[in-house]
Amino acid sequence: MTQWGDLFSQRQLLMLATLSRLTREIARKYEKKDAIFAEAVQVCMAITLSRGTDLNNSLCRWKQDAECPVNLFGRQAIPMVWDFAETVITSGSSGSWPIMFQRTYDSILPFLEIRNSGNSILTTATKQTLPDDVASLLATDPPYYDAIPYSHLSDFFYVFLKRILYESCPGLFSSKLVEKTEEIVVDRAHSLSTSNKGIPDENEGKVSSSSKQAVFAPGATVLDRVHQCMLLFAAGRSDALKRFLVDEDHGKDAKLWKLAQSLSALYPTGSNEKRWVDGVLARKKGLGF
Ligand SMILES: C[S@@+](CC[C@H](N)C(=O)[O-])C[C@H]1O[C@@H](n2cnc3c(N)ncnc32)[C@H](O)[C@@H]1O
């Protein structure tokens with residue numbers, strides 16, 4: 001498999017492309033009467049179809065005990081498989097349109113109870129626009145070093161979602177594929193990757209210094225800097241951690257240690273995050289802070 005299209009059989013591509021077109025057309029039908037309702041219908045249908053791609057691709061296995069196809073993403077990876085099962089889209093089996101539609105309906109229903117509204121924006125967390133002291137604590141859930149190639153995996157869903165929603169949500173689908181360079185993960189180098197990021201120690205000499213800076217640049221907020229310490233600790237890079245705290249003076253910032261202490265109290269006992277932040281705190285005295 002070398003291209004995105006290889007993830008689907010020709011028949012599945014035709015079926016998914018046809019459903020994408022019909023989904024756009026349905027929304028247009030309502031547009032003149034009620035634009036907001038039309039957009040809501042389109043988003044719900046797009047979610048349904050997106051779920052459907054997970055169950056209608058060339059890497060779906062056959063589940064013997066349930067006698068139905070199994071979705072590709074049982075974990076955050078695209079694994080090699082040995083068998084192939086294809087759903088008949090008009091049937092009542094897993095991956096068929098009636099079942100996917102029902103699942104979307106069931107999962108959206110509880111949200112109708114929510115009366116509060118919130119705000120969300122699509123932007124990179126590496127460019128913090130809020131002031132540093134806007135809250136006592138900013139909670140975040142960043143990627144862990146190179147554990148999961150989120151943006152590469154997201155492309156699987158992005159292509160069809162963009163096809164359906166580009167007109168109603170242009171801001172969410174402006175790039176050709178999911179943004180890779182801004183993503184704060186370290187990519188393991190492989191021949192098909194176009195990313196300019198890499199693992200500095202392993203790729204010494206191959207990765208440009210600007211891309212190293214992009215991945216390992218000190219963050220804009222105290223929280224970013226604590227996270228950076230945790231990641232360096234987790235990766236066993238104690239010299240780099242010392243450089244960051246001592247040579248680059250970040251360890252002199254009392255707010256960094258205070259926040260690390262708060263996070264230590266917040267993270268569940270036994271979690272990796274607690275182990276990492278405690279590991280950073282344990283080095284405080286030894287480094288002279
Ligand atoms: C550990 S996951 C968060 C999972 C999420 N909290 C949840 O429970 O579903 C890390 C997420 O950070 C996103 N991410 C990576 N780089 C980012 C960046 N520069 N700005 C914002 N988000 C980013 C990844 O795409 C991924 O979805």
Q: Could you tell me which numbered condition Ile164 fails, if it satisfies all but one of (1) under 30 Å from Leu259 (Cα atoms); (2) at pLDDT 85 or above; (3) not small (Gly, Ala, Ser)?
A: (1)
Q. Does segment 127-148 contain any residue that is outside any loop (DSSP other than H, G, I, E, B) and within 16 Å of the ligand (Cβ to nearest atom)?
A. no
Q) Which residue pairs have Cβ atoms closer than 9 Å, lie 6 or more positions apart in sequence or on different chains, and pair a first residue in segment 136-155 that is on the phi > 0 side of the Ramachandran plot with a second residue that is more than 10 Å from the ligand (Cβ to nearest atom) and modelled with pLDDT of 80 or more? A) Tyr145/Leu231; Tyr145/Ala234; Tyr145/Ala235
Q: Take the residues in segment 32-65 that are buried (at least 16 other Cβ atoms within 10 Å of the Cβ) and acidic (Asp, Glu), then tell me which one is nearest to Asp6 (Cα to Cα).
A: Asp54
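Going through segment 91-124 one residue at a time, which ones are surrounded by 10 or more Cβ atoms within 10 Å (Cβ to Cβ) and in a loop (DSSP other than H, G, I, E, B)?
As a first pass, look at segment 91-124 and keep what is surrounded by 10 or more Cβ atoms within 10 Å (Cβ to Cβ): 91-105, 107-108, 122-124.
Once the filter is applied, which keeps residues that are surrounded by 10 or more Cβ atoms within 10 Å (Cβ to Cβ) and in a loop (DSSP other than H, G, I, E, B), segment 91-124 yields Ser91, Gly92, Ser93, Ser94, Gly95, Ser96, Leu122, Thr123, Thr124.
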Q: Could you tell me whether any residue of segment 110-126 is within 30 Å of Ala254 (Cα to Cα), within 16 Å of the ligand (Cβ to nearest atom), out of contact with any Ser or Thr (no Cβ under 7 Å at 6 or more places or on another chain) and among the aliphatic types (A, V, I, L, M)?
A: no
Q. Any idea which of (1) within 16 Å of the ligand (Cβ to nearest atom); (2) of a type in the set (D, E, K, R); (3) more than 24 Å from Tyr166 (Cβ to Cβ) is the one Arg51 doesn't satisfy?
A. (3)
Q.
Just to be sure before I move on: is Leu266 touching a Gly at 6+ places or on another chain (Cβ under 9 Å) and of a type in the set (A, V, I, L, M) in the structure I sent?
A. no
Q: Search segment 175-190 for residues that are assigned to a loop (DSSP other than H, G, I, E, B) and more than 12 Å from the ligand (Cβ to nearest atom) and pair each with any residue that is among the aliphatic types (A, V, I, L, M) and modelled with pLDDT of 85 or more when their beta-carbon atoms are under 9 Å apart and the residues are at least 6 apart or on different chains.
A: Leu177/Val159
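The values are calculated or read from the model by the stated rules, or taken from the named source; none is laboratory data. Note that the structure is a prediction, hence the values are computed from the model and not measured. Cβ sites come from the backbone with ideal geometry, for glycine too, and all protein chains shown count toward neighbours.
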